[in-house]
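In what follows, a structure is listed as structure tokens, so that the remarks can point back to it.
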There are 2 protein chains.
Amino acid sequence: MRDELRVSPDRPADLPNRPTDLKFGGDDKDAGKAFVKTLYPRLFELQRRLWGEDARSVLLVLQGMDAAGKDGAIRNLARGLNPQGTHVAGFRAPSGEERDHDYLWRIHDECPRRGELGIFNRSHYEDVGIVRVLNLVPEDRWRKRYRHIREFERMLSDEGTTIVKVWLHVSKEEQKARFQSRLDDPTKRWKFNPDDLESRARWDDYMAAYTEALDETSTDYAPWYVVPTDRKWARDVALATLLIETLEEMDPQYPPEVEGLDDIVIE
Amino acid sequence: MRDELRVSPDRPADLPNRPTDLKFGGDDKDAGKAFVKTLYPRLFELQRRLWGEDARSVLLVLQGMDAAGKDGAIRNLARGLNPQGTHVAGFRAPSGEERDHDYLWRIHDECPRRGELGIFNRSHYEDVGIVRVLNLVPEDRWRKRYRHIREFERMLSDEGTTIVKVWLHVSKEEQKARFQSRLDDPTKRWKFNPDDLESRARWDDYMAAYTEALDETSTDYAPWYVVPTDRKWARDVALATLLIETLEEMDPQYPPEVEGLDDIVIE
């Protein structure tokens, strides 16, 4: 899965031409949903080892257009994770205090501690994404951020965090359908924000910005993966598989047991 | 002052051969102390402008051997600063939570916000200083930190923080005298820590470690200055002058005044 979805010099991001509708885990929804359930016990066991080992951490960064399914992806992934040892951080428009610091300040603060699996719902990539498209800072300033971000992630990696970055790739048509269903369902209307239509109107600008951002920041130590997300079950299969493959490569180990446990009698 | 004290490729740190006893501001203590007082109003006004401008920040990093005078330097410098707008952070041995993150996590958290003058009493340089000398992490790990630190400081600089790093350079003889005076004075005995003798015993190792660290991380955007500190008053003159020169170059401006102030009548 990682090789298939990774952004690399050999296979640049090229978001406008990347598929949004691959079928991972089956040919239909029922098969896909059944398959993803078979993955969660393995993910759960690997996360348990990561937590027990208490030496390294994993950071999953999720980016995508509105309605790409970031919230749903996290909700479903959580079925294969122990909340203890999982740290989810969402990044909305920065608060006053956050704006008073560099853009990586609030990101660094939320980075997972040893043993944790951290999940970012949006991230520092907004600072070269929406910030660029809406011209919130001048180009000579945001353009320097590619390097900052590469080096920040290098540091995290050198110090024990394995980084997995995922662009949830939804089509413009599927976004339309999801927006419409939010409008049609009284219990989902709160998720609809008229600002989302502005982002939708600038779809091509966002594709261009993120295509460049992914190419600039997909590194050996912090690669980007483009996960097709028009089908939610295929997205869930891909995400769980990416994490499993990553954790299997890390191969976390329970600490060596204390000697003499066999002789202990609990009275 | 900056040109005289800066560490650069043309003039490497070479701590074992750098002077520790220059006389800035006068030939004796009385003259020096009188002179430094003349500097504080200028420093105060410049910091006020930085705070009023509310756009950029300054970070002063202080490192030095035990008894080099970091605490005293900050105490005296504060006479030329408004506590509002000044943020002092001291870094001792990392706590449990701090150890659970990368070494820059706690540092980043304490970085000054817009408008602030931040002062670090020790810093991330401990992570290539004592950590190296006492072998707290393997060399292949700490050696990567030079690059991390250069790039971290580059990011801070690009995002609006002017960084001034000062090595307070005390001689081994002067440290001996200061340790002895701590032992002799019941009100200073709490400052004496037997561990300090271990650091003293490894003096040459520390000089080698910091000589390399300063050379590796003295950059255009975050230069190191070596301030001779055997004479406390000369140290104070040098520090105040470095900050004044730095702030003068930044030239912070009060924001443009709101129009129509002249017409306002307070009733």
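If the condition is being within 25 Å of B:P138 (Cα to Cα) and in contact with a Phe, Trp or Tyr (Cβ under 8 Å, 6 or more places away or on another chain), then region A:159-196 contributes A:E159, A:I163. Considering each residue of region B:146-158 in turn, none proves to be touching a strand residue (DSSP E or B) at 6+ places or on another chain (Cβ under 9 Å), of a type outside the set (D, E, K, R) and more than 10 Å from chain A (Cβ to nearest Cβ). Annotation note: Cβ proximity below 6 Å between a residue of region B:77-93 that is closer than 18 Å to B:V166 by Cα and touching a residue at least 12 places away in the same chain (Cβ under 8 Å) and a residue that is buried (at least 18 other Cβ atoms within 10 Å of the Cβ) and among the acidic types (D, E) (sequence gap 6+ or interchain) occurs for B:H87/B:E116.
The C-beta contact set for region B:101-122 (first residue facing chain A (nearest Cβ under 7 Å), second residue buried (at least 23 other Cβ atoms within 10 Å of the Cβ) and among the β-branched types (V, I, T), distance under 8 angstrom, 6+ apart or interchain) comprises B:D102/A:T161; B:L104/B:I149; B:C111/B:T161. The set of residues in region B:83-100 being away from chain A (no Cβ under 14 Å) and either surrounded by 14 or more Cβ atoms within 10 Å (Cβ to Cβ) or touching a Leu at 6+ places or on another chain (Cβ under 7 Å) (or both) consists of B:T86, B:V88, B:G90, B:F91. Looking at (1) modelled with pLDDT of 95 or more; (2) within 17 Å of the chain's Cα centre (by Cα), can you tell me which one A:P12 breaks? Result: A:P12 passes all but (2). The condition of being within 30 Å of A:L117 (Cα to Cα) and buried (at least 16 other Cβ atoms within 10 Å of the Cβ) holds for B:L156. Among the criteria (1) of a type outside the set (D, E); (2) under 17 Å from the mean Cα position of the chain (by Cα); (3) away from every other protein chain (no Cβ under 14 Å), the one B:G52 does not fulfil is (2). Kindly indicate which of A:E174, A:E198, A:E159 is within 30 Å of A:L46 (Cα to Cα) and more than 19 Å from the chain's Cα centre (by Cα). From the options A:E174, A:E198, A:E159, the qualifying one is A:E159.
How many residues does region B:1-36 hold that are in contact with a Gly (Cβ under 9 Å, 6 or more places away or on another chain) and of a type outside the set (A, V, I, L, M, F, W, C)?
Keep residues of region B:1-36 that are in contact with a Gly (Cβ under 9 Å, 6 or more places away or on another chain), which gives B:23-26, B:31-36.
Filter once more, keeping what is of a type outside the set (A, V, I, L, M, F, W, C): B:23, B:25-26, B:32-33.
Number satisfying all stated conditions: 5.
Scoring A:D54 on the criteria (1) more than 23 Å from A:W233 (Cα to Cα); (2) surrounded by 23 or more Cβ atoms within 10 Å (Cβ to Cβ) leaves a single failure, condition (2).
The values are calculated or read from the model by the stated rules, or taken from the named source; none is laboratory data. None of these values were measured; they are calculated from a predicted model. Quick reminder, even Gly has a Cβ in these numbers, built from the backbone with ideal geometry, and neighbours come from all protein chains shown.
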